[in-house]
1. When the Karplus curve 6.51 cos²θ - 1.76 cosθ + 1.60 is applied with θ = phi - 60°, which whole-Hz ³J(HN,Hα) does each residue of the stretch 269-279 get, with x for Gly and Pro?
2. Roughly how compact is the chain, stated as its Cα Rg over 2.2 N^0.38 Å to two decimals?
3. Could you give the spread of the C-alpha atoms of the stretch 182-274 along their three principal axes, from largest to smallest, in whole angstroms?
4. Under the rule of at least 5 residues apart or a separate chain, name every residue whose amide H is placed under 5 Å from the amide H of Ala254.
5. Which three extents, in whole angstrom, do the alpha-carbon atoms of the stretch 123-227 cover along their principal axes, largest first?
6. Apply the Kirkwood formula to the stretch 2-112: the hydrodynamic radius equals the inverse of the mean of 1/r over all pairs of different alpha-carbon atoms; give it in Å with one decimal.
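We did not get these values from a lab; they are worked out from the coordinates using the rules stated. Since the structure is predicted, the reported quantities are computational estimates derived from the model, not experimental observations.
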Amino acid sequence: METSSNWTNYQERLSRVTAYVYDHLDDELDLNKLADIACLSPYHWHRVYHATHGETIAATVKRLRLHRAAGYLAQTTISIAEIARRSGYPNVASFNRIFSAAYGMPPAQYRREGDHAKFQAQRADTGAGGYAVVIKEMPDLQAVAVDHAGSYMQIGKAFDTLYGWLGARNHLGPGLRSIGMYLDDPLAIAEEKLRSKACVVVDGQFPVEAPVARTDILGGPYAVLRHVGPYASMKAAYQWLYGDWLVRSGKEAANAPALEEYLNSPRDTPPQDLMTDIWLPLCEA
């Protein structure tokens, strides 16, 4: 019991660090400040973080900044120079180099030719056959979840909190399903008011406490589109799924939120290889 309690203590401390990083991506992060937040020795806390998270804090910050930068490139017209500045790079050349290494192409090419552009081109080509959508039956599922408010691109903060909570209580293991539940339309609701849930499907009952709560995932028929590539491309995939596939399919969307099931992890998977199933709930035939 004492070992479990100690592990919980460390996870809760490091969860404070990751929450701070998400909220201060534009700041120059100081390792001593992060050690203070973790209430751990500045000589040792970073080794604990690396051992428990599988990446250094510098790698976490770099990954999150590039993830946000990809969103800017795919979804806005902000200049590349401004995106480089917001991402903490001193000039466009260094930003180009780092982004290319992570995403397989420089920022300007990604803006023109990334996966988001492929979905946009698909929408323009009204005679094309489209992407593969499969109708699947989802059983009713039980999950534990952490609520997230704000940009859907930042739901990773809630997932990190949830994974830390589960890991501290020995509830993490192979085969767990990680699902994002998105309750609002980002085209109709202001970004700061968007609501979502970071969910992990669980079997059995065990006590939960804030910020973790139980949630139900509605069973029934779903249209499933597998998206391969950076999360920044998801908006274009949704627009194609709703604006083209759904209206041509003869199906009716059910009164339930869309889901995203994450089949691998951005911590150890290149952005272009990330796999996400988008689940669109449908009315029973």
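1. Result, ordered by residue: 10, x, x, 5, 9, 5, 10, 9, 8, 8, 9 Hz.
2. 1.05
3. Result for the stretch 182-274: principal-axis Cα extents of 45, 34, 29 Å.
4. Those qualifying (amide H under 5 Å, at least 5 residues apart or on another chain) are Leu282, Cys283.
5. Between the extreme Cα coordinates on each principal axis of the stretch 123-227 lie 52, 32, 21 Å.
6. Details: mean 1/r = 0.0651 Å⁻¹.
When all Cα pairs of the stretch 2-112 are included, the Kirkwood radius is 15.4 Å.
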